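The values are calculated or read from the model by the stated rules, or taken from the named source; none is laboratory data. Keep in mind that this is a model prediction, so the values were computed, not measured. So basically every Cβ, Gly included, is an ideal-geometry build from the backbone, and we count neighbours across all protein chains shown. SASA here: full protein model, heavy atoms, side chains in, ligands and nucleic acids out. Shrake-Rupley method; radii C 1.70, N 1.55, O 1.52, S 1.80 Å.
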Amino acid sequence: MTDPILALKDAKLALAGNAGPVEILRGITVEVARGESVGLTGPSGSGKSSLLMLMGGLERATSGLVSALGHDLSAMSEDDLARFRRGNMGVVFQSFHLIPTMTALENVAMPLEIAGVPDAFDRAAEELAAVGLGHRGTHYPSQMSGGEQQRVALARAVAPRPAILLADEPTGNLDTKTGAGIIEMLFGLQERHGATLVLVTHAPELAARCDRIVELRDGCVLESVSA
């Protein structure tokens with residue numbers, strides 16, 4: 001693979017436990033190509049979400065290399081990492097993480113305003129319309145269903161036009177029908193913006209939508225195959 005957009009080499013992650021360090025990831029080596037969609041699968045506790053957090057610089061590897069867009073994430077300060085994520089990554093979580101005191105439009109515009117985008121609210125309105133919520137811009141999270149809140153979270157993630165889109169069980173808190181709609185929007189937004197997508201999921205049918213499946217087991221890559 002030439003110039004991967006994401007690369008991990010022998011990346012390990014250990015977190016403090018009551019009886020000492022607990023190994024979460026045990027030497028992960030994996031690369032993701034620009035524009036590729038990758039599904040991270042495996043049983044609960046296999047390290048899927050932790051691997052996604054390493055890729056996003058939200059956790060620091062205990063050892064090994066983690067790079068994104070050619071930048072060594074472990075060498076960055078917390079402030080530098082935050083700026084790097086803001087300009088290059090969009091993250092969607094299972095829990096929507098919307099700011100309850102902000103409207104849908106304000107939630108989507110917030111990262112754009114922080115980045116100094118001059119037309120932040122116009123772009124936010126465009127992204128809300130793209131997920132079918134152009135009419136809900138003045139509504140607060142408490143006034144929206146779970147599916148609507150996740151659509152706002154999707155719009156917020158893609159509004160800065162990130163090169164990398166990370167999604168951690170984005171349908172985990174939704175019913176089957178609503179979740180299916182969110183997935184269609186997620187892949188549609190990835191295609192629309194030409195982003196690289198890494199998706200954590202327990203659902204085999206969802207992983208099969210990706211270009212490649214990386215299966216984890218006990219903190220190790222068990223298999224990496226084309227879907």
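Any idea how many residues of region 169-179 are buried (at least 16 other Cβ atoms within 10 Å of the Cβ) and among the β-branched types (V, I, T)? Explain how you work it out, then say what you get.
From region 169-179, those buried (at least 16 other Cβ atoms within 10 Å of the Cβ) are 169-171, 173-174, 178-179; that's our starting set.
Retained after the next criterion (residues that are among the β-branched types (V, I, T)): 171, 178.
So the answer is 2.
Would you pick out the residues in region 37-55 that are open to solvent by 10 Å² or more (accessible area, probe 1.4 Å) and of a type in the set (A, V, I, L, M)?
Result: M53, single match.
Could you list, ordered by first residue, the pairs with Cβ atoms under 6 Å in which the first is in region 135-162 and more than 17 Å from G56 (Cα to Cα) and the second is in a helix (DSSP H, G or I) and among the polar types (S, T, N, Q), at least 6 apart or interchain?
From residues that are more than 17 Å from G56 (Cα to Cα), the pairs are P141/Q149; G147/T178; V152/N107.
Are any residues in region 201-210 outside any helix (DSSP H, G or I) and either surrounded by 15 or more Cβ atoms within 10 Å (Cβ to Cβ) or in contact with a Phe, Trp or Tyr (Cβ under 8 Å, 6 or more places away or on another chain) (or both), and if so, which ones? I'd like the intermediate steps shown before the answer.
Going through region 201-210, the residues outside any helix (DSSP H, G or I) turn out to be 201-203, 208-210.
Once the filter is applied, which keeps residues that are outside any helix (DSSP H, G or I) and either surrounded by 15 or more Cβ atoms within 10 Å (Cβ to Cβ) or in contact with a Phe, Trp or Tyr (Cβ under 8 Å, 6 or more places away or on another chain) (or both), region 201-210 yields T201, A203, R209, C210.
Matching residues to (1) surrounded by fewer than 22 Cβ atoms within 10 Å (Cβ to Cβ); (2) closer than 28 Å to H202 by Cβ; (3) at pLDDT 95 or above:
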| residue | (1), (2), (3) |
| --- | --- |
| I114 | yes, no, no |
| A120 | yes, no, yes |
| V131 | no, yes, no |
| H139 | yes, no, yes |
| G181 | yes, yes, no |
| E184 | yes, yes, no |
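Is it true that G87 is small (G, A, S), in contact (Cβ under 8 Å) with a residue 40 or more places away in the chain and within 20 Å of E223 (Cβ to Cβ)?
Values: small (G, A, S): yes; in contact (Cβ under 8 Å) with a residue 40 or more places away in the chain: yes; within 20 Å of E223 (Cβ to Cβ): no.
So G87 fails the test.
In region 156-168, what residues are more than 19 Å from R209 (Cα to Cα) and either open to solvent by 20 Å² or more (accessible area, probe 1.4 Å) or not in a helix (DSSP H, G or I) (or both)? Steps first, please.
Keep residues of region 156-168 that are more than 19 Å from R209 (Cα to Cα), which gives 156-163.
If the condition is that a residue be more than 19 Å from R209 (Cα to Cα) and either open to solvent by 20 Å² or more (accessible area, probe 1.4 Å) or not in a helix (DSSP H, G or I) (or both), then R156, A159, P160, R161, P162, A163 are the ones that fit.
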